[in-house]
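J.: Got a structure for you, questions after.
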Amino acid sequence: MRKPVRMRKELLNLILIILVISCSQKVTELPTFEGDIRTEIQEEEGNVSSKLSLYQFDREKISLHGQMGSFTPHYSVHEIDSFIYLIKFQIESDFPAIPPQFKMKLAFPRKDIYTLWSSETWSNNSYFNLPNYDKAATPYGIVSAITKEDKNRFTYTCKDDNNDKFLALFVEEKVDTMYFNLNFFVDNPPVTNILDYDAEIRIDLRNVNYVEAIADAASWRIEQKIGRMGDERIKMREPIYSSWYPMHRNIPVENLTREMDSIASYGFKSLLIDDGWQSLVKSKIDTLGNWDAGEVEDMFHFIDKGKEKGFQVYLWYSLPFTGGNPKVLKRFKDKFVRYRAPRQIYVIDPRYPDVRSYLIDVYSNMLEKWNIDGFWFDFINDYYPDENVVLKKDMGRDLIGVFKAVDTLLVEIKNELKFIHPDVFFGQNLHAAGPARSNYQSSLTGFVGVQSAGIVREKMVNNRLLFGRYTPFMEIMGIDAEDTPEQVALKFQSILFEIPHLSFFPMTISPSVHSTLHFWLDYWRYNKQLLLDGTFRPLKPAKGYPVIQCSKNNKTLFVNYDALQIIELPREMPETLDIINSTTKNYLQISHFPDESQLRYEVYDATGKMRSSGIYKLKKPDHEFIVPPAGLLRFKRTN
């Protein structure tokens with residue numbers, strides 16, 4: 001018989017937020033936000049079965065001190081939900097002035113934190129075990145402190161009206177306390193005077209799964225951007241064929257045109273004409289813009305053939321690069337923000353209205369002459385000057401900042417193209433997870449070797465955590481003629497929870513790889529709602545998400561990327577349970593089998609061929625199953 005649950009609360013420590021104002025006069029007393037940490041311990045049958053630490057602010061102790069120059073500060077703290085706090089901060093001046101530098105510092109007990117997660121994640125380095133604090137520095141304001149059990153200790157983020165250009169974050173440790181510093185106007189101070197500045201800091205202290213805490217923070221921070229691009233992402237919820245890898249293997253576009261029937265047989269509905277097309281469709285045309293849309297006759301035939309087969313056709317383009325075209329260089333002499341040797345890559349300056357007008361005309365002509373369905377603009381961050389760029393004298397700029405100019409350029413391009421073709425698609429409306437250098441960031445890349453699959457998976461997860469079903473993450477999976485079915489399946493499984501972008505030349509791959517592609521593309525389409533809309537749970541972030549769990553509508557999927565991991569099944573068995581062995585080993589270790597008398601099972605190899613099936617009679621809670629590398633184990637309830 002269970003004993004009554006006893007709850008007790010005791011004061012353990014302090015949570016401290018310090019708002020430091022840097023100015024010409026030394027600050028002698030620091031403003032502080034103070035609160036206490038309370039813990040609740042649930043005891044059952046004499047043993048501690050669970051421990052829940054809950055952190056709260058004591059708003060009565062809030063104070064602010066320091067010289068602000070001409071600026072007057074205002075701030076308030078609100079508990080907007082249980083254990084979720086919002087700090088609203090504003091500074092304002094009666095006349096334009098350079099804003100003061102200040103920071104918010106959050107102090108937290110070191111012992112409760114096992115892993116940190118930062119939103120600087122257009123890489124595989126978003127998470128790190130302590131004490132690797134040097135990796136935590138990021139100009140993007142979402143950080144989550146996570147326990148060993150994947151629980152949130154706290155997650156905090158900040159937003160303002162300046163795309164976070166003036167924000168930076170870093171982590172430090174002193175004795176047994178960690179300090180999370182959010183800097184304002186320190187690393188990237190504005191070059192112009194301002195009248196006011198507003199920011200909101202959201203702090204989540206709930207004891208929930210870290211995925212939920214990050215998703216809620218991201219939704220609060222970028223919900224308007226997600227809303228604006230949601231419809232366009234929904235349009236693309238089908239696998240996409242990309243010409244990227246074949247083009248870079250010097251396969252002429254006319255060869256791909258002849259293979260259109262074969263490409264269509266895989267069920268693709270969209271074609272992305274990717275990098276390399278400029279140099280292959282006609283001799284002496286380079287990849288950097290030295291061409292005219294009306295001259296590229298092979299492209300007309302390729303696009304017409306695609307339309308005939310029912311494809312939506314999209315064009316990749318490196319928006320900033322103009323190449324070494326002498327006419328363009330002469331026309332925009334001294335209007336460049338970047339030059340990249342030795343490839344003679346010029347980036348013309350979008351702060352000039354005639355530059356923006358020229359670029360708008362380029363893409364308007366493409367849309368009208370080629371009748372394409374949309375664009376993927378890439379390498380947009382190359383517009384931003386670095387320390388090696390010498391900016392020339394002003395020759396009629398109408399904008400001062402490059403950030404503003406790029407945003408203006410993209411808005412003007414979209415407005416013009418939407419006027420020509422109201423349903424034109426833009427492949428990148430959200431920047432992928434990473435530094436918020438602008439509203440838009442390159443998120444389209446590719447990989448060929450299976451050795452890159454782990455990094456690709458981690459990048460996929462990081463972006464999925466931030467953007468959910470609207471993730472802008474797009475890794476093009478290239479398939480080499482020498483790839484085995486297992487290698488192809490392992491690569492596909494690394495991008496399973498995004499919209500697959502595949503690139504291959506059908507003529508060069510083996511029949512077994514054909515079967516593999518058909519099987520996994522069909523699997524993705526059949527389980528699309530589960531993969532994109534299901535409850536997404538990447539486990540053990542400190543180990544690189546070695547297991548991903550996803551559930552929806554009485555079906556659960558586990559993908560195991562590490563043979564050393566043991567899959568722990570849910571307490572209640574769903575109607576269907578799939579476990580993918582995304583490793584090079586031939587077994588899966590499974591524990592916590594539910595109390596079922598028997599389960600029907602099926603085992604498939606990487607090509608989709610069934611290797612075994614039968615009834616598994618429960619003998620013990622843990623079991624090791626023989627499953628081929630990159631294969632699938634499926635359980636179904638028999639009652």
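J.: In the range 543-551, is there at least one residue being hydroxyl-bearing (Ser, Thr, Tyr) and within 18 Å of the chain's Cα centre (by Cα)?
T.: Yes, the range 543-551 contains at least one residue that is hydroxyl-bearing (Ser, Thr, Tyr) and within 18 Å of the chain's Cα centre (by Cα).
J.: For the structure I just gave you, tell me whether GLN312 is open to solvent by 10 Å² or more (accessible area, probe 1.4 Å), of a type in the set (S, T, N, Q) and at pLDDT 75 or above.
T.: yes
J.: Which one of the conditions (1) part of a strand (DSSP E or B); (2) under 20 Å from SER494 (Cα atoms) does LYS636 fail to meet, given that it meets all the rest?
T.: Just one mismatch for LYS636, condition (2).
J.: Inspect the range 483-497 for any residue being among the β-branched types (Val, Ile, Thr), out of contact with any Lys or Arg (no Cβ under 6 Å at 6 or more places or on another chain) and at pLDDT below 90 and give the result as yes or no.
T.: no
J.: Another question, then. If you go through the range 568-580 one residue at a time, how many are closer than 13 Å to LEU557 by Cα and open to solvent by 50 Å² or more (accessible area, probe 1.4 Å)?
T.: So the count comes out to 2.
J.: Still on this structure: Suppose we filter THR157, THR147 for residues that are under 20 Å from ASN463 (Cβ atoms) and either modelled with pLDDT of 75 or more or open to solvent by less than 10 Å² (accessible area, probe 1.4 Å) (or both); which single one remains?
T.: None of the others qualify; the one that does is THR157.
J.: Could you pull out the residue among THR607, THR556, THR583 that is assigned to a loop (DSSP other than H, G, I, E, B), under 28 Å from VAL513 (Cα atoms), among the polar types (S, T, N, Q) and open to solvent by less than 20 Å² (accessible area, probe 1.4 Å)?
T.: Sole residue among the options that is assigned to a loop (DSSP other than H, G, I, E, B), under 28 Å from VAL513 (Cα atoms), among the polar types (S, T, N, Q) and open to solvent by less than 20 Å² (accessible area, probe 1.4 Å): THR583.
J.: Quick check, is SER494 surrounded by fewer than 23 Cβ atoms within 10 Å (Cβ to Cβ) and among the hydroxyl-bearing types (Ser, Thr, Tyr)?
T.: no
J.: Quick check on VAL406: is it at pLDDT 60 or above and open to solvent by less than 10 Å² (accessible area, probe 1.4 Å)?
T.: yes
The values are calculated or read from the model by the stated rules, or taken from the named source; none is laboratory data. For clarity, every value in this text was computed on a predicted model and none was experimentally measured. So basically every Cβ, Gly included, is an ideal-geometry build from the backbone, and we count neighbours across all protein chains shown. These accessible areas exclude ligands, DNA and RNA; they are computed on the full protein's heavy atoms, side chains included. Shrake-Rupley method; radii C 1.70, N 1.55, O 1.52, S 1.80 Å.
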